[in-house]
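Report on the following structure.
The values are calculated or read from the model by the stated rules, or taken from the named source; none is laboratory data. Just so it is clear, the model here is predicted, and its values are computed rather than measured. Here the Cβ positions follow ideal geometry from the backbone for every residue, glycine too, while neighbour counts run over all protein chains shown. Note: areas computed on protein heavy atoms with side chains; ligands, DNA, RNA excluded. Shrake-Rupley method; radii C 1.70, N 1.55, O 1.52, S 1.80 Å.
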Amino acid sequence: MELNKLFDEYYEKSYIQGGTTCCPGCGGPLFWRLALEVLGANTILYGDGPCAYCAIRNIKLPTFGIHFSFAADGATGIAAALRVKGRKDITLVSSAGDGATGDISFGKVSAAAERNENMIQICVDNEAYMNTGVQKSGLTPFGAWTTTTPLGKEAPKKEIPMILAQHKIPYVATASVAYPKDFQKKIIKAKGIEGFKYFHSVIPCPTGWRFDPAKSIEVIRLGVQTWAWPLYEIEGGILKLTMKPKRRPIEDYLKAQNRFRHLTDDQVKHIQAMTDQKRERLLQQDGKRIIF
Amino acid sequence: MDGNEAAAWGAKLSRAEVIPAYPITPQTELISQIAALISEGIMDAEYIKVEGEHTAMAAAIGASVAGARVFTASASQGIAFMEEALWMPPGRRLPIVMCMVNRAMAPIGGLRPDHNDALMQRDTGWIQLYCENSQEVIDTVIQSFKIGEDKRVCLPVAPCYDGYFVSATATPTTIPDQSEVDDFLPPYVHEMYNIMPGEHKPTGGSSDIAKARYEVEKAHERARGIIEEVDKEFGKRFGRCYDGLIEEYNCDGAEAVLVTMGSMTGTARDVIDEMRGKGKSIGLVKLKGFRPFPTEEFRKLGKKYNAIAVVDRNNSYGSAGGGIVSMEVARALYALDDRPLLVNFQVGLGGSDVTMRQIEYMAEETLEAVETGKVKSVVDWVELHDLGEVM
């Protein structure tokens, strides 16, 4: 009874309603709870249909949901209408999953960035087409099993945050739901900047990544600690690492998920070498201008 | 003024607020003209230079949902590219206006006009109004906002006009006065939804799917009357009107009529005048409204004339029943106890010129059908005949 009361009280205050259509252990509802807490009531949410949006089907704020071939483009129209109506007080958030951002709507997100549309473009990245039943996307990491890469993905994950940073937009950030303070600080910062802000968070997907849903936060935290998903921001072209964990073997992260269980020792070594290179490069560039 | 310039002025006079657009021949002059009007301070609108037609329609949807009056334009491959998005405005009840500057689809066609690009969007729920010349374009764009935004309608409207023959041909055009247009077309307010924080009313998404679809269908049915109503009001204010969904031209006492759509109507007027002068019993029907389709109007025509000849500037492969308009007309006429002969011609495909001689041929063939009581073939591909000298 006491617990029910607690939930009721929380959801009374929260912009997201109780209950979810997401799988157990999904990072989506957590993502949106964290984001909406700091975005506040004066927000319009535009987003594509699949997983990323399931979590906010029952949101209390104005939303406009559409198919995943429409990332950022409808929000462009909303932004224009807000300019016509002189509504500078409203935060416009445009959400898309990894399949929309990296594949089918890649050009849309790129074009909105080029036009520097005034919106926070969010990528809720569970590293595959999970809503349709685990198919490979451009943001699936190297080696990962999906139903369309039964032997493991051949190509590496696209570096969308870096690609968008090259559009010379005012703000780019990576985040993780395992680090809520860092996550929310970055949303708050994005909200205060004019122009196109890109915010990219990997979220855990026990269904597609093949692990026990109870371990969601543990697994996603390992992603940050092993540098599989480094946390940084790029503001005005300057890179800043917001988390600099000590080196930890990538194997710890890979072993925690059955989507990587078929990997050979050589493949694991290859992933480790790539991750080390990325870590060293980022540490070297930390605090420096990387976009010219 | 050419058709594209007329459309741009139509959007300007209608005070369109957001214009997302992507260039495609033969629509480019329209959107360049809008960009020029904005840069010269003549027009006040947010012009979004998007990266493709799919985004043009998506941004139009977003802007319309957020309460802005939206105008855009496309053609041919561009309309096909945005097709996924074209289904959204009718379902969401968004009164976006988009000019379809008709051009043939690849690969068998060129840059010139036929109507397949717009007609293949027949089932999306857009109102489609086909214009004959620049004057009709400017007037129809203004009327389209009034029709689409009417509370009884709430549907997107596509003024369609032929590339080159209308888009690039300058004809004398009267530009309506801004203050008169403002009186005719008040600012856009949508009462069905609102996405502004604090005032939020959801944008549809009924759990009862069949009912929601039926609502769109009912809106089309109501639109028939409203198109006429708006046209009449326009006529009173501006002294020009277009007889709603169809216009009968020089039909008095005729035994048969040719039905045309778009720019070829202008050519057909001359040919019909000449033939009537020679005592031939044939009139002309200009089909302006393809969606909603003027079913009742065609039934009335069916009772008056012994033969109805549909001139289709399109084709539907494998239909075995002729062009798209002719199939629609056939369905309308089927309900009659005493049906007229239905003759179907396909001409001007891929943008070939529709000549006076071809129209004369079609009229003669139709009159021969009336005389013999028989139609020679389900569909006559006019351009496959050698008709000799161009008249």
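Using the Kirkwood radius built from alpha carbon pairs, what does the Stokes-Einstein equation give as D for the protein assembly as shown at 4 °C and 1.567 mPa s, in µm² per second?
47 µm²/s
Which percentage, to the nearest 5, of the DSSP beta bridges contained in chain B is antiparallel?
Working: 7 of 42 bridges.
Percent antiparallel among DSSP bridges in chain B is about 15.
Put B:Glu199, B:Glu365, A:Glu159 in order of accessible area, largest first, 1.4 Å probe: what do you get?
The ordering from most to least exposed comes out as B:Glu199, A:Glu159, B:Glu365.
Regarding the stretch A:100-246, what whole-number volume in Å³ per residue does the convex hull of its Cα atoms give? Mind showing how you got there, number by number?
Numbers: hull volume 16.3 nm³, N = 147.
Taking only Cα atoms, the stretch A:100-246 has a hull volume of 111 Å³ per residue.
Could you check which residue among B:Glu248, B:Glu191, B:Glu132 shows the biggest mean-square fluctuation in a GNM of chain B with a 10 Å Cα cutoff?
B:Glu191
Which value, in nm² and rounded to one decimal, describes the direction-averaged projected area of the C-alpha convex hull of the stretch B:123-193?
Its Cα hull, projected and averaged over all orientations, spans 5.9 nm².
Ignoring ligands, DNA and RNA and using a 1.4 Å probe, state the total buried accessible area between B and A in Å², rounded to the nearest 100.
Working: alone 16220 and 13630 Å², together 27630 Å².
Roughly 2200 Å² of accessible surface disappears when B and A pair.
For the stretch B:183-247, what class follows from the C-alpha gyration tensor (a ≥ b ≥ c being the square roots of its eigenvalues): rounded when a/c is under 1.5, otherwise prolate if a/b is larger than b/c, else oblate?
Cα axes put the stretch B:183-247 in the oblate bin.
Looking at chain A from every direction and averaging, what is the projected area of its Cα convex hull in nm²? Show your work: numbers first, answer last.
Values: hull surface 59.3 nm².
Here the figure is 14.8 nm², rounded to one decimal.
State, as an integer percentage, the relative contact order of chain B based on alpha-carbon contacts under 8 Å between residues 6 or more apart.
On the way: 829 pairs, mean separation 59.9, N = 391.
Once divided by the residue count of chain B, the mean separation gives 15 percent.
Regarding the stretch A:25-182, what whole-number volume in Å³ per residue does the convex hull of its Cα atoms give?
That works out to 116 Å³ per residue.
Could you tell me the accessible area of A:Asp103 in Å² (1.4 Å probe, neighbours in place), rounded to the nearest ten?
50 Å²
How high is the relative contact order of chain A, in percent, counting Cα pairs under 8 Å that sit 6 or more residues apart?
16 percent
What's the magnitude of the charge dipole for chain A around its Cα centre, counting Lys and Arg as +1 and Asp and Glu as -1 at the beta-carbon? Answer in Debye, nearest 20. Write down the numbers at each step before the final one.
Working: 39 positive and 29 negative charges, 120 e Å.
Once rounded to the nearest 20, the dipole reads 580 debye.
Give the value in nm², to one decimal: projected area of the alpha carbon convex hull of the stretch B:199-289, averaged over all directions. Before the final figure, lay out each step's value.
Values: hull surface 39.5 nm².
Projected area, direction-averaged: 9.9 nm².
Can you work out the FRET efficiency for the pair B:Tyr317 and B:Ala210, with r the C-beta to C-beta distance and R0 = 22 Å, to the nearest 0.05?
Numbers: r = 31 Å, r/R0 = 1.41.
Efficiency, from the Cβ-Cβ distance: 0.10.
Before rounding to the nearest 500, sum -39500 (n - 2.57) across all DSSP H runs of length at least 4 in chain B and divide by the residue total; then give [θ] at 222 nm in deg cm²/dmol. Walk me through the intermediate numbers first.
Details: 14 runs with 160 residues, N = 391.
That calculation yields -12500 deg cm²/dmol at 222 nm.
A:Ala273 versus A:Thr21, label points 7 Å from Cα toward the beta carbon: distance in nm?
Result for the modelled spin labels: 4.6 nm.
Which one of A:Gly192, B:Ala36, A:Val109 is farthest out on the positive end of the charge dipole of the protein assembly as shown, using unit charges on Cβ (Lys, Arg +1; Asp, Glu -1) and the Cα centre as origin?
Result: A:Gly192, furthest along the dipole toward the positive end.
Using the Kirkwood formula over every pair of different C-alpha atoms, what hydrodynamic radius in Å results for the stretch B:18-70?
One over the average 1/r among Cα pairs gives 11.3 Å for the stretch B:18-70.
Nearest 5 percent is fine: what portion of the DSSP beta bridges confined to chain A is antiparallel? Kindly include the intermediate steps, with their values, before the conclusion.
Numbers: 11 of 38 bridges.
So the antiparallel bridges in chain A amount to around 30 percent.
Where in the stretch A:196-292 are there trypsin sites (Lys or Arg not before Pro) that are in a DSSP coil and have at most 16 other Cβ atoms within 10 angstrom of their Cβ?
Values: sites: A:Lys197, A:Arg210, A:Lys215, A:Arg221, A:Lys240, A:Lys246, A:Arg247, A:Lys255, A:Arg259, A:Arg261, A:Lys269, A:Lys278, A:Arg279, A:Arg281, A:Lys288, A:Arg289; in loops: A:Arg210, A:Lys246, A:Arg247, A:Arg261, A:Lys288.
Passing sites in the stretch A:196-292 are A:Arg210, A:Lys246, A:Arg247, A:Arg261, A:Lys288.
Under 4 °C and 1.567 mPa s, how fast does the stretch B:253-350 diffuse according to Stokes-Einstein, given a Kirkwood radius computed over C-alpha pairs? Answer in µm²/s, whole number. Mind dumping the intermediate values first?
Values: Rh = 13.8 Å.
Reported coefficient: 94 µm²/s.
Where the Cα atoms of chain B are projected onto their three principal axes, how long is each span, largest first, in whole Å?
70, 47, 44
Accessible area per residue, 1.4 Å probe, Å², for the stretch A:110-258: what's the number? Walk me through the numbers on the way to the answer.
Numbers: 5810 Å² over 149 residues.
Result: 39 Å² per residue.
Treating the beta-carbon of each Lys and Arg as +1 and of each Asp and Glu as -1, no other charges, what is the dipole magnitude of the protein assembly as shown about its Cα centre, to the nearest 20 debye?
Working: 78 positive and 87 negative charges, 721 e Å.
Approximately 3460 debye in magnitude.
Net charge near B:Arg237: determine it from the other residues with C-beta under 12 Å of the C-beta of B:Arg237, scoring Lys and Arg +1 and Asp and Glu -1. Show your work: numbers first, answer last.
Numbers: positive: B:Lys146, B:Lys232, B:Lys236, B:Arg240; negative: B:Asp139, B:Asp177, B:Glu180, B:Asp182, B:Asp183, B:Asp231, B:Glu233.
Around B:Arg237, the charge tally is -3.
Modelling each spin label as a point 7 Å along the Cα-to-Cβ direction, I'd like the A:Phe7/A:Ile291 distance in nm, to one decimal.
Here the answer is 4.2 nm between the modelled labels.
GNM on chain B, C-alpha springs below 10 Å: top fluctuator among B:Ile227, B:Ile282, B:Ile108?
Comparing B:Ile227, B:Ile282, B:Ile108 in the GNM, the peak value goes to B:Ile108.
Choose one of A:Phe260, A:Pro249, A:Ile291: the residue whose Cα lies farthest towards the positive end of the charge dipole of the stretch A:241-292 (beta-carbon charges +1 Lys, Arg; -1 Asp, Glu; about the Cα centre).
Highest projection toward the positive end goes to A:Ile291.
Quick check on chain A: helices-only [θ] at 222 nm, where DSSP H runs of length 4 and up contribute -39,500 (n - 2.57) each and the sum goes over total residues. Nearest 500, please.
Working: 11 runs with 107 residues, N = 292.
Computed mean residue ellipticity for chain A: -10500 deg cm²/dmol.
Restricting attention to the alpha-carbon atoms of the stretch B:54-127, what are Rg (one decimal) and Dmax (integer), both in Å?
12.3, 40
Note down the accessible area of A:Thr132, probe 1.4 Å, to the nearest 10 Å².
Solvent-accessible area, nearest 10 Å²: 100 Å².
Roughly how many debye, to the nearest 20, is the charge dipole of the stretch B:311-391 about its Cα centre, given +1 on each Lys and Arg Cβ, -1 on each Asp and Glu Cβ, and no other charges? Write out the running numbers ahead of the final one.
Numbers: 6 positive and 14 negative charges, 67 e Å.
Here the size comes out at about 320 debye.
For A:Lys246, go through the lysines and keep the ones whose alpha-carbon is under 20 Å away, minus same-chain ones fewer than eight residues off.
Here the lysines satisfying the reach criterion relative to A:Lys246 are A:Lys181, A:Lys255, A:Lys269, A:Lys278.
Provide the percentage of antiparallel DSSP beta bridges, counting only those with both residues in the protein assembly as shown; round to the nearest 5. Working shown, then result.
Details: 18 of 80 bridges.
The antiparallel fraction comes to roughly 20 percent.
Going from most exposed to least, what order do B:Met100, B:Met356 have by accessible area with a 1.4 Å probe? Let's see the in-between values first.
Numbers: B:Met100 0, B:Met356 55 Å².
Greatest to least solvent exposure: B:Met356, B:Met100.
Take chain B, connect every pair of alpha-carbon atoms lying under 10 Å apart with a spring to form a Gaussian network, then pick out the residue of B:Tyr305, B:Tyr161, B:Tyr334 with the largest mean-square fluctuation.
Maximum fluctuation in the GNM of chain B, among the listed residues, is at B:Tyr334.
Could you order B:Ile79, B:Ile42, A:Ile188 by accessible surface area, starting with the largest, using a probe radius of 1.4 Å? Don't jump to the answer; show the numbers that get you there.
Working: B:Ile79 0, B:Ile42 75, A:Ile188 95 Å².
Greatest to least solvent exposure: A:Ile188, B:Ile42, B:Ile79.
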